[in-house]
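What follows draws every value from the coordinates through simple rules; no lab data is involved. Bear in mind the structure is a predicted one, so any value in this text is a computation, not a measurement. Here the Cβ is made from the backbone with ideal geometry for all residues, glycine too, and neighbour counts use every protein chain on show.
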Amino acid sequence: MNFTGTLDELHALTEIFIDKCYKPEKIPNTIIDMGANIGLATIWLKLNYPNTKIHAYEPNPEIFNVLKSNISNLNNVYLYNLAISDTDNEKIEFNISKRSFSSSKFPIPNSNKIYVSATTIDNAINIVNEKVDLIKIDIEGAEFSAIKISNKINEVNEIIGEIHPEKANESSANIINKLEFSHKIKYIGTNKSLFHAIKK
């Protein structure tokens, strides 16, 4: 297992492997990991659900190389060096933070700006070409516009994700309002940044 050496990774290890923050209600056959970073969630999900297929998206080219190395021994894991956003087949601005888990399409102090290829939630679902049981989404503020324009996310059985309203200058209610017609929403933890949506 390769790491980049940030404290964010230690925090993520605790959340994912000890707190099990991405544990779904039902055993998933197909998962899309949006914002895979170095692959911690992908690895945890694959270890716990070995028969599942996972499609993992990570836009940062350097972090993508770490992700590729970390999942090299896992079967049925498909990687995409793409951002999940509200646009498809276009390059978007992406700001790389020294804290790799904080990199975002939104401005970040002391970050390096690059341009990365992007796709939408609906296109990611179309690529899978089968029923998606779980979407894990942690895309540092881009979740608001990406979920807003999606017509297919209401077909997904479960969505577990992190909300970053301060980055997107949005209200968390905007995501909840979009999903609550098709999903039952509950928050994970006390700070209401992690949510779990289960199809009604």
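Observations, loosely collected:
- Among 135-148, 58-71, the peptide with the highest mean count of other Cβ atoms within 10 Å heads the list, and the full ranking is 135-148, 58-71.
- Listed values for region 85-92 are Karplus-derived 3J(HN,Hα) couplings in whole Hz (6.51 cos²θ - 1.76 cosθ + 1.60, θ = phi - 60°), namely 8, 9, 9, 10, 6, 9, 8, 10, and x replaces Gly and Pro.
- A simple spin-label model places pseudo-atoms 7 Å from Cα toward Cβ; at LYS26 and THR87 they are separated by 3.7 nm.
- For region 174-180, putting each phi into the Karplus relation 6.51 cos²θ - 1.76 cosθ + 1.60 with θ = phi - 60° gives couplings of 5, 6, 4, 4, 5, 8, 5 Hz, in residue order, rounded to whole numbers and with x for Gly and Pro.
- Exposure proxy for PHE106, PHE94: other Cβ atoms within 10 Å of each Cβ, ordered fewest to most, give PHE106, PHE94.
- Relative contact order of the chain, taken over Cα pairs closer than 8 Å and 6 or more residues apart, is 18 percent.
- Between region 113-180 and region 71-92, the alpha-carbon center distance in angstrom: 14 Å
- Fully extended contour minus Cα-Cα distance, from ILE185 to LYS200, at 0.36 nm per residue: 4.4 nm
- Of the residues LEU82, LEU134, the one with the fewest other Cβ atoms within 10 Å heads the list, and the complete ranking is LEU82, LEU134.
- Amide H contacts under 5 Å for ILE137: MET34, ILE160, GLY161, GLU162, restricted to partners 5 or more places along the chain or on a different chain, H placed in the peptide plane at 1.01 Å from N.
- Three-way shape label, region 95-200, alpha-carbon gyration tensor, a/c 1.5: oblate
- Radius ratio Rg over Rh of region 65-152, counting only Cα atoms, Kirkwood formula for Rh: 0.97
- Prolate/oblate/rounded call for the chain, Cα gyration tensor, a/c under 1.5 rounded: rounded
- Structure note, pairs LYS46/LYS186; LYS26/LYS148; LYS53/LYS131; LYS20/LYS46; LYS46/LYS199; LYS20/LYS105: Cα-Cα distances above 19 angstrom occur for LYS46/LYS186; LYS26/LYS148; LYS46/LYS199; LYS20/LYS105.
- Distant-in-sequence amide contacts of LEU79, defined by a placed amide H-H separation under 5 Å and a gap of 5 or more residues or a different chain, comprise ALA56.
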